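Worksheet for the structure shown next.
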Amino acid sequence: MEEVVLLDESGAVAGSAAKADVHHDATPLHLAFSCYVFDARGELVVTRRASSKATFPGVWTNSFCGHPAPGEAMDLAVRRRARQELGIEIDGLRLVLPDFRYRAEQGGVAENEMCPVFVASTADVPGEPDPGEVDEVRTVAWAPFRDDVLAGTWPGISPWCADQVRALAPLGPDPVHWAPGDPGALPPAAFLAD
């Protein structure tokens with residue numbers, strides 16, 4: 001049974017719960033992460049969430065998201081999730097938005113997360129994503145993706161991805177040169193192994 005870390009308003013651990021029981025109309029605040037993966041050509045891997053997912057089915061979003069297990073370091077959880085969801089290994093993992101937080105609702109189900117954002121690279125082309133998580137994978141150049149998301153013209157983008165792109169845009173035009181975020185700004189419940 002997969003568990004997520006529940007948080008208080010300061011971002012400290014407030015317990016844990018089964019992931020299957022957490023997402024509903026009154027989803028408690030919990031710890032998550034998002035990752036933006038760039039391939040060998042420098043293009044962003046974007047995914048369309050599986051139509052079978054309970055939250056935000058069928059929407060386009062960043063490369064992948066997930067939840068660290070209780071006691072699991074964020075960077076290890078990100079690497080684990082890259083393998084589970086997309087079947088890829090990632091390199092150069094960097095924290096870029098340590099204090100990102102959002103709440104979003106769709107169809108009576110809410111997301112409510114403190115969700116640090118990471119960037120990474122991969123030499124792999126996602127060929128066998130988990131069909132329970134991902135319906136489609138594409139690679140796109142960062143600049144037009146960013147511009148379309150900011151203009152509201154990318155069709156069916158997840159609300160967290162839209163908010164993250166707005167926060168990432170000021171970091172500069174080239175993701176390779178985005179400055180790393182301060183690990184000290186992570187929620188107190190989050191920690192890095194490296």
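The values are calculated or read from the model by the stated rules, or taken from the named source; none is laboratory data. Predicted, not measured: the structure shown is a model, and the values here were computed from it. In this analysis, Cβ positions are derived from the backbone assuming ideal geometry, glycine residues included, and neighbour counts consider all displayed protein chains. Accessible surface areas use protein heavy atoms only, side chains included; no ligands, DNA or RNA. Shrake-Rupley method; radii C 1.70, N 1.55, O 1.52, S 1.80 Å.
Assuming GLU72 fulfils every condition listed in (1) surrounded by 15 or more Cβ atoms within 10 Å (Cβ to Cβ); (2) in a strand (DSSP E or B) apart from one, which condition is it? Result: GLU72 fails condition (2) only. Scanning the stretch 1-22 for residues that are aliphatic (A, V, I, L, M), more than 13 Å from ALA69 (Cβ to Cβ) and loosely packed, with under 15 Cβ neighbours inside 10 Å gives ALA12, ALA20. Taking the stretch 128-148 as the range and being of a type in the set (Lys, Arg) and either surrounded by fewer than 18 Cβ atoms within 10 Å (Cβ to Cβ) or closer than 22 Å to PRO57 by Cβ (or both) as the test, only ARG138 passes.
When the criteria are applied in full, ASP25 fails the requirement of being surrounded by 12 or more Cβ atoms within 10 Å (Cβ to Cβ), over 16 Å from GLN164 (Cβ atoms) and not β-branched (Val, Ile, Thr).
Checking each residue in the stretch 149-173 for being open to solvent by less than 60 Å² (accessible area, probe 1.4 Å) and either more than 17 Å from the chain's Cα centre (by Cα) or farther than 27 Å from ALA50 by Cβ (or both) picks out TRP154, ALA169, GLY172. Among the residues making up the stretch 148-191, those that are touching a Phe, Trp or Tyr at 6+ places or on another chain (Cβ under 7 Å) and of a type in the set (Phe, Trp, Tyr) are TRP154, TRP160. Would you check if there is a residue in the stretch 103-116 being basic (Lys, Arg), within 18 Å of TRP160 (Cα to Cα) and open to solvent by less than 60 Å² (accessible area, probe 1.4 Å)? Checked against the condition, which is being basic (Lys, Arg), within 18 Å of TRP160 (Cα to Cα) and open to solvent by less than 60 Å² (accessible area, probe 1.4 Å), the stretch 103-116 yields no hits at all.
The single residue among ARG83, ARG41, ARG103 that is more than 20 Å from PRO159 (Cα to Cα), not in a loop (DSSP other than H, G, I, E, B) and not hydrophobic (A, V, I, L, M, F, W, C) turns out to be ARG83. In this structure, ALA123 does satisfy being within 22 Å of TRP178 (Cα to Cα), modelled with pLDDT under 95 and surrounded by fewer than 18 Cβ atoms within 10 Å (Cβ to Cβ). Scanning the stretch 86-100 for residues that are in a strand (DSSP E or B), open to solvent by 50 Å² or more (accessible area, probe 1.4 Å) and touching a Pro at 6+ places or on another chain (Cβ under 8 Å) yields a single hit, ARG94. Only residues that are touching a Phe, Trp or Tyr at 6+ places or on another chain (Cβ under 9 Å), of a type in the set (Val, Ile, Thr) and part of a loop (DSSP other than H, G, I, E, B) were counted across the stretch 118-146, and they come to 1. TRP178 - would you say it is touching a Gly at 6+ places or on another chain (Cβ under 7 Å) and under 22 Å from ASP39 (Cβ atoms)? In short, yes. Among residues that are within 14 Å of the chain's Cα centre (by Cα) and not aliphatic (A, V, I, L, M), SER34 is included. Taking the criterion of being farther than 23 Å from PRO144 by Cβ, among the hydrophobic types (A, V, I, L, M, F, W, C) and open to solvent by less than 10 Å² (accessible area, probe 1.4 Å), the residues of the stretch 30-55 that qualify are LEU31, ALA32, PHE33, ALA50.
If you filter the stretch 174-194 down to residues that are touching a helix residue (DSSP H, G or I) at 6+ places or on another chain (Cβ under 6 Å) and within 19 Å of GLU43 (Cα to Cα), you find that the one that is surrounded by the most Cβ atoms within 10 Å (Cβ to Cβ) is PRO175.
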